[in-house]
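Visitor: Below you'll find the structure I mean.
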Amino acid sequence: MDLKDYIRSIPDYPKKGILFRDITTLIKDEKAFSNCIDQIVNKSKNFNFDKIAAIESRGFVFASAVSYLVEKPFIMLRKKNKLPAEKYSVDFELEYGKATIEVHKDSVKKNDKVLIIDDLIATGGTAEAAAKLIEISEGSVAGFIFVINLFDLGGCDKLVESGHKIQSLIEFPGH
């Protein structure tokens, strides 16, 4: 099954010049979604990890299913002011703005190896912020799995240059 066939491309969303890769068409198809989760589970075998983290919000869709299947704890990396308990925060730049992500201070323990899963990587700003959250929590990043890599925007290259191990299921140009 070619998962590319289940990704809808929407030009000029959320602003002019952005070609948005929409995963809702993949997750609404039960066979494509199941195949996608199976592929992520298979790729997760290439990593040594204790926990799975995902970036809000689309990353949650994939990571929670994988967490269940591989029987590893699931950590939510949330947007600013969405977590009620003590938390760590990291500010970062997006392709089209600024943002903050946070994690509860008790989510990652010292020396936990955390696999980060997200739907898509573009310029890598969000993924870098996620890695920083894990590291300030005294854990380490086991690696990243992305459903979609927008290869020409350089996010994966940036993560690899920082010493991170990366896997993705689908490659698309960013524009």
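The values are calculated or read from the model by the stated rules, or taken from the named source; none is laboratory data. These numbers come from a predicted model, not from an experiment. FYI the Cβ positions are ideal-geometry reconstructions off the backbone, even for glycines, and counts take in every protein chain you see.
Visitor: Answer yes if at least one residue in the range 63-80 is among the acidic types (Asp, Glu), outside any strand (DSSP E or B) and surrounded by fewer than 19 Cβ atoms within 10 Å (Cβ to Cβ), and no otherwise. Full working, then the answer.
Guide: First pass over the range 63-80, keeping only residues among the acidic types (Asp, Glu): 71.
Subset that is outside any strand (DSSP E or B): 71.
Among the residues that remain, those that are also surrounded by fewer than 19 Cβ atoms within 10 Å (Cβ to Cβ) are: 71.
Yes: the range 63-80 contains one or more residues that are among the acidic types (Asp, Glu), outside any strand (DSSP E or B) and surrounded by fewer than 19 Cβ atoms within 10 Å (Cβ to Cβ).
Visitor: While we're looking at this one, here's another question. Which one of the conditions (1) more than 18 Å from VAL141 (Cβ to Cβ); (2) within 16 Å of the chain's Cα centre (by Cα) does ARG78 fail to meet, given that it meets all the rest?
Guide: Only one criterion in (1) more than 18 Å from VAL141 (Cβ to Cβ); (2) within 16 Å of the chain's Cα centre (by Cα) is unmet by ARG78, namely (1).
Visitor: Which residue, of ILE117, ILE145, ILE101, ILE134, is touching a residue at least 40 places away in the same chain (Cβ under 8 Å), aliphatic (A, V, I, L, M) and either part of a helix (DSSP H, G or I) or in contact with a Cys (Cβ under 8 Å, 6 or more places away or on another chain) (or both)?
Guide: Selected residue: ILE134, the only one of ILE117, ILE145, ILE101, ILE134 that is touching a residue at least 40 places away in the same chain (Cβ under 8 Å), aliphatic (A, V, I, L, M) and either part of a helix (DSSP H, G or I) or in contact with a Cys (Cβ under 8 Å, 6 or more places away or on another chain) (or both).
Visitor: Taking the range 121-175, which residues are within 18 Å of ILE101 (Cα to Cα), surrounded by fewer than 20 Cβ atoms within 10 Å (Cβ to Cβ), modelled with pLDDT of 95 or more and not polar (S, T, N, Q)?
Guide: GLU128, LYS132, GLU135, ILE136, GLU138 - these are the residues of the range 121-175 that are within 18 Å of ILE101 (Cα to Cα), surrounded by fewer than 20 Cβ atoms within 10 Å (Cβ to Cβ), modelled with pLDDT of 95 or more and not polar (S, T, N, Q).
Visitor: Right, something else. Could you check, for the range 41-51, whether at least one of its residues is assigned to a helix (DSSP H, G or I), more than 15 Å from the chain's Cα centre (by Cα) and among the polar types (S, T, N, Q)?
Guide: Yes - at least one qualifying residue is present in the range 41-51.
Visitor: Pairs only if they're at least six apart or on different chains, beta carbon under 9 angstrom, first in the range 5-27 and touching a residue at least 40 places away in the same chain (Cβ under 8 Å), second among the small types (Gly, Ala, Ser) and in a strand (DSSP E or B); list them, first residue then second.
Guide: Close Cβ pairs satisfying both conditions: LEU19/SER9; ARG21/SER9.
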